[in-house]
1. With a 1.4 Å probe and all protein chains left in place, how much accessible area per residue does the chain have, in Å²?
2. At what distance in nm do the modelled label points of ASP368 and GLU421 sit from each other, each positioned 7 Å from its Cα along Cα→Cβ?
3. Principal axis extents for segment 152-286, Cα atoms only, whole Å, descending order, please.
4. Kindly sort GLU44, GLU128 by accessible area of their heavy atoms, largest first, with the probe set to 1.4 Å.
5. Please report, in debye to the nearest 20, how large the charge dipole of the chain is about its Cα centre when each Lys and Arg carries +1 at its beta carbon and each Asp and Glu carries -1 there.
6. Inverting the mean 1/r over all pairs of different Cα atoms, compute the Kirkwood radius of segment 223-273 and quote it in Å.
7. How big is D for segment 369-432, in µm² s⁻¹ as a whole number, if Stokes-Einstein is applied with the Kirkwood radius of its Cα pairs at 4 °C and 1.567 mPa s?
8. Equivalent ellipsoid semi-axes for segment 319-473, as square roots of 5 times the alpha carbon gyration tensor eigenvalues: give them largest first, rounded to whole Å.
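The values are calculated or read from the model by the stated rules, or taken from the named source; none is laboratory data. No experiment lies behind these values; they were computed from the predicted model shown. Because the Cβ atoms are built from the backbone with ideal geometry, glycine has one as well, and the counts that use them run over all protein chains shown. Keep in mind that these areas ignore ligands, DNA and RNA; they rest on the heavy atoms of the full protein, side chains included. Shrake-Rupley method; radii C 1.70, N 1.55, O 1.52, S 1.80 Å.
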Amino acid sequence: MKFHVLTLFPEMIEQTLGTSITGRAISQNIIELSTVQIRDFSKEKHYKVDDYPYGGGAGMLMQAQVVSDAVAHAKASIPENQSTRVIYVTPQGEPFTQKKAIELSGADDLVFLCGHYEGIDERVLEEEVTDYISIGDYVLTGGELASLVMIDAISRLVPGVLHNEVSADTESFHRGLLEYPQYSRPEVWHEKEVPKVLLSGNIREIEQWKLEQSIERTRTRRPDLYEAYERQQKAMEMLLKDKLLHIDMIEQLNRGIGEVVAMDEANILIWNFHVNIYYHTCFDVTKAESFMQGLPEKHKKQLQNLVLHQEELLPLFQSTFGMKLLMPCYQMVYTQKEQIPVKGLYQADGKELPGKVVIRTLDDSFFDVVASTYHTVDSPEYIHERLNSGEVFGAFVDGQITGFCGYHDDGSIGMLEVLPEYRGRKIGKALEVYVLNHARRRGFIPYGQVVPGNEISTALQKSIGLYQSKSPIYWMGIDEN
Ligand code: ADE
């Protein structure tokens, strides 16, 4: 992740981000920072960058050409295939939230444009800016502090920036709830005791207490967040009526990667904001059309990939909403809590012994073997992205890769392939079991999807103890024709 900051005060950005956790991440090349002095692009005497607004009004405006040249300079350093966003920090933007931080942390390059004076000529903003963002309903003297706040919040989501991996997802705003109160030594301070349950050693009771405290704190301090939480709970109740069919939607909510963007008594629409996938289910198909027509414009515009859960709705989504069927799939779900025994499948301790299977996380250096063996749908970019995510695992025998399996970007388990010369040696089962256990340890309900007719995969999964949904789900995409 590279941050480019266009500013009149580069030293303010460099000094702040150069300290503490972001400073360490920059020196370890986990994140990169490049500042651009906007003044360097002025062609005027004394490097002037501002002028009076047409039509009068208070203060001065930054001129279009200077800003445009500074943005062009930053963009010229970004390779073409990188995903880039140009952010103008302004009190007139959309509010910056943890969700927005998560969304932006998925980009390769973020360009921050810091305004000063009364603002920037509208014409250059129209040409360059992809996102207008505000950090709150107050006015700062310039965009630098706002950019710093955002860069700090985004950086800590980049893998490797925080050393303590757990803290990035258990802290405030996890599942949309505020964090529970915490206590350290001494046990009694100013006659106040640490809640007894935290000293009990009973993990289940402690987890239950933390959740209750989070809910209560959210209800009293942030009624707006609490309302969204309640809505999610209501949706979950409805989805659990058919757990196998809805496992993808349930897990989007459980894992905090999806939000309920719309629901009524018959429909639920969930949006995975990381990968921009929508999931729809319906308990009364006569009510789907008006529900979809009533969606907020933002979601109508963004809707490109959708997972449908009712076959009866295919014609509606095809004819009225211009989508095409990409793939039907059955859900395969591992519903037990226990880890699956691995004896005879792979070395649980990871020790390499002659002829034995060990499983390790793959990185992008395995791109060639994965891309040439894995033939289902996906693009080279997707395979690179998955390998770089650390969520694809390889089975090795005597140092040779024999197969792989991992998580798709929506959290489902898949990408299972065994190289032809190693088939019939239970390597597929070993890989599948490894990833299922991995998912259980993360607190997920492991699930995958198989296309109808893939009897080998279905039989393998059933033999491990996964259950199949009664009816399929339908992956849909916008029909470009
Ligand atoms: N620039 C000035 N005030 C700001 C704010 N509240 N958010 C983002 N950028 C700003």
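1. Counting only protein heavy atoms, the per-residue value for the chain is 53 Å².
2. Distance between label points: 1.5 nm.
3. In descending order, the Cα extents are 62, 32, 28 Å.
4. Result of the area sort, largest leading: GLU44, GLU128.
5. 1700 debye
6. 11.0 Å is the Kirkwood radius here.
7. 108 µm²/s
8. 26, 19, 14
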